[in-house]
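One structure is given below, encoded as structure tokens.
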Amino acid sequence: MRQLREGHISYSIDTKLSGKSGSNTGSIRIKEKPVEKREAVIINHLGLHARAAAKLVTLCSRYRSRVVLIANGHYAEGRQFIALLMLSAAFGSQVSIEVSGPDEKTAAIAVTRLISDGFGER
């Protein structure tokens, strides 16, 4: 069993070779880890700026799950302040939220709610 990581999705690949002599055929099973996915739009007129990113980092740090935000073709870990700022998510930007881990549902709901509420700055 080997673990591969491509972009922000982890794959487990299990290869089994046939026990027959001269045979080199095998089976490959790819299992993608379950991920809670959500969509949100940045409604804060200042976009995802420093104060909003700090609130997001604080929120994501409360959960054990891994939170990834995707905007403008870039992705960032929810716990990495600079990476969130580098998303350049301005007002009206569509943000995809992918959460994987033991508390993924509650983390996804909380992050989506924070973004949808304009980071509490309305």
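The values are calculated or read from the model by the stated rules, or taken from the named source; none is laboratory data. In this text, all values refer to a predicted model and were calculated from it rather than measured experimentally. Virtual Cβ from ideal backbone geometry, glycine too; neighbours counted across all protein chains shown.
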**Study point:** Residues of region 72-84 satisfying the condition of being under 16 Å from Leu114 (Cα atoms) and of a type in the set (A, V, I, L, M)
**Key:** Leu84
Study note, to complete from the structure: Taking region 45-81 and keeping only residues that are polar (S, T, N, Q) and at pLDDT below 95, one is left with Asn72
Practice item. Scan region 71-87 residue by residue and report those that are of a type in the set (Gly, Ala, Ser) and without any contact (Cβ under 8 Å) to a residue 24 or more places away in the chain. Key: Gly73, Ala76, Ala83
Practice item. Would you check which residues across region 81-122 are acidic (Asp, Glu), outside any loop (DSSP other than H, G, I, E, B) and out of contact with any Lys or Arg (no Cβ under 8 Å at 6 or more places or on another chain) and list them? Key: Glu104
Check your understanding: If you go through region 28-36 one residue at a time, do you hit one that is at pLDDT 95 or above and β-branched (Val, Ile, Thr)?
Key -> no
Practice item. Find all pairs meeting these conditions: Cβ atoms under 7 angstrom apart; at least six residues apart or on different chains; first residue within region 93-122 and in the same structural domain as Tyr63 (by TED's automatic domain parsing) and more than 13 Å from Arg62 (Cβ to Cβ); second residue acidic (Asp, Glu) and surrounded by fewer than 15 Cβ atoms within 10 Å (Cβ to Cβ). Key: Gln94/Glu39; Ser96/Glu39
